[in-house]
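Below is one structure, written out as structure tokens; the observations come after it.
Please treat every number below as a calculation from the coordinates, not as lab data. These numbers come from a predicted model, not from an experiment. Backbone-built Cβ (ideal geometry, glycine too); neighbour counts: all protein chains shown.
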Amino acid sequence: MADGTEHPSALALESVAAGEVMPDVQTHLEECDACRMHVDALSGAMKATRPGAEFVAELRRPKRKRLRLAWIAGPVALAAGLVLLLRGPAPEDRLKGGVSFSIIRDRGGAQERVSGRCLVKVGDRLLLEFATAEPRTLEAGILTAKDEWLPMQPPRSFGEGTHLSQSSVRVDDAGLEGRALVGSPSDIAQARRHEPSAAAIIVLARDPAP
Amino acid sequence: MSGGLSDTELAMLYEKYSFLLIRRLRVLLRDESLAHDVLHDGFLKLMQSGAALREAQTPLRWLYRVFDNLAIDRLRTRRARGQHEPLDQVAEDRVGPAPSVDVEGRDAVVKLLGELEESDARLAVLVFVDRLTQEEAAGELGLSRVTINKRVKALRMRASAILDGEEMHG
């Protein structure tokens with residue numbers, strides 16, 4: 001047991017969740033709901049990981065070609081380098097009928113709200129802004145032309161209104177082309193498999209301007 | 001570490017352990033993008049020289065040691081550059097802490113990691129993050145129980161100072 005508690009160490013519970021055999025801990029789990037629920041939650045979350053082959057393919061790619069995910073949220077946006085300068089609610093028509101969204105594109109401090117098709121170039125930072133007319137669970141990210149998924153908003157329940165993605169993406173010297181997607185987790189899963197999907201889409205294309 | 005792991009082994013490791021690893025790195029680094037960077041770098045290290053993992057009796061503990069060292073190195077580098085505060089918030093922990101974890105104490109000690117001596121940083125992780133007993137930590141680090149006890153007390157005092165400071169400013 002961990003010092004000062006009646007429970008096994010966090011490491012022991014994580015080890016059991018990972019399939020390691022620890023008889024003392026197993027015995028404890030039979031009697032302790034809190035620890036058993038913790039191990040079950042860990043085990044469930046571990047199974048939801050994306051395919052390892054996808055990750056290894058990224059590892060094999062030269063580092064400079066990787067896109068860096070820059071996570072930001074609320075009050076730390078300033079520190080993360082992307083200050084949201086655009087104000088005001090999303091246009092009302094975008095709130096009608098399901099989910100709609102735009103991309104906040106930051107280029108050297110100048111920000112623009114873009115929908116439909118978004119031209120990007122090296123150094124741009126992109127943040128997703130999405131609106132829902134009713135409470136729903138949403139996920140968002142970018143599916144690149146190379147079929148790489150860049151998560152920007154893990155599945156989460158959102159209330160009616162306009163929201164910003166949890167993270168932004170900075171475009172590195174490899175450029176970025178593909179589709180930004182917002183939708184229910186099942187819509188996103190279908191879109192990632194290139195199946196017909198109800199996910200809202202913005203196409204990302206290389207900006208030819210110097 | 002000598003010799004690397006194959007793509008198949010890496011893919012299996014990723015599927016089995018990446019959730020636990022990224023969750024831990026979020027706690028240690030308190031910075032989402034840095035946590036993902038260290039996860040990536042750790043797997044690169046395994047690709048190049050992780051063959052010893054095949055012989056590990058407790059793979060998770062072995063992996064944690066590798067990734068902890070990388071994380072602590074990053075914290076030290078950040079501190080050496082004068083960047084004391086993380087830039088990004090971390091994603092929410094979907095699972096939450098284990099019942100044995102004192103979250104407030106853990107998070108206060110974690111803020112010290114970048115400035116601790118290597119063995120103290122390792123001790124801090126074992127006792128406050130992993131929640132090993134002092135006896136287990138002594139065995140893990142090859143130190144006497146008395147030494148561990150003294151060092152843990154010192155860590156607690158420094159962590160308390162942080163918590164007191166936060167209360168004054170909060």
Point to revise | Inter-label distance for A:D40 and A:A110, nm, one decimal - labels placed 7 Å from Cα along Cα-to-Cβ | key: 5.6
Practice item. Report, as an integer, the average count of C-beta atoms from other chains found within 10 Å of each Cβ along A:35-42. Key: 3
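Would you mind calculating the relative contact order of chain B from Cα pairs under 8 angstrom and at least 6 residues apart, reporting the percent as a whole number?
21
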Practice item. Take the Cβ-Cβ distance between A:A53 and B:R54 as r, set R0 to 22 Å, and report the resulting FRET efficiency rounded to the nearest 0.05. Key: 0.65
Study note, to complete from the structure: In this structure, the FRET efficiency calculated for A:E177 and B:N149 from their beta-carbon separation, with R0 = 35 Å, to the nearest 0.05, is 0.05
Review point. When every alpha-carbon pair in chain B is counted, what percent end up more than 30 Å apart?
Key: 18
**Study point:** Pairs of Cα atoms farther than 17 Å apart, region A:108-166, %
**Key:** 48
Exercise for review: Summarise the long-distance tail of P(r) for region A:1-54 by giving the % of C-alpha pairs beyond 17 Å.
Suggested key: 36
**Study point:** Calculated [θ] (222 nm, deg cm²/dmol) that DSSP helices of n ≥ 4 give over chain B, each run adding -39,500 (n - 2.57)
**Key:** -21500 deg cm²/dmol
Review point. Which number comes out as Rg/Rh for region B:98-170 once both Rg and the Kirkwood Rh are worked out on C-alpha atoms?
Key: 0.98
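For peptide A:45-55, how many partner chain Cβ atoms fall within 10 Å of a residue's Cβ, on average?
The mean count of partner-chain Cβ atoms within 10 Å per residue comes to 6.
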Check your understanding: So which of A:K121/B:K16; A:K47/A:K121; A:K146/B:K45 end up more than 30 Å apart, counting from Cα to Cα?
Key -> A:K121/B:K16; A:K47/A:K121
Check your understanding: Peptides A:120-133, A:11-24: what's the order by average Cβ count within 10 Å, highest mean first?
Key -> A:120-133, A:11-24
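Which of the three applies to region B:1-96, rounded, prolate or oblate, going by the alpha-carbon gyration tensor with a ≥ b ≥ c and a/c under 1.5 meaning rounded?
Verdict is prolate for region B:1-96.
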Revision key, fill the gap. Quick calc, B:W62 & A:T27: beta-carbon distance into FRET formula, R0 30 Å, rounding 0.05, result 0.75
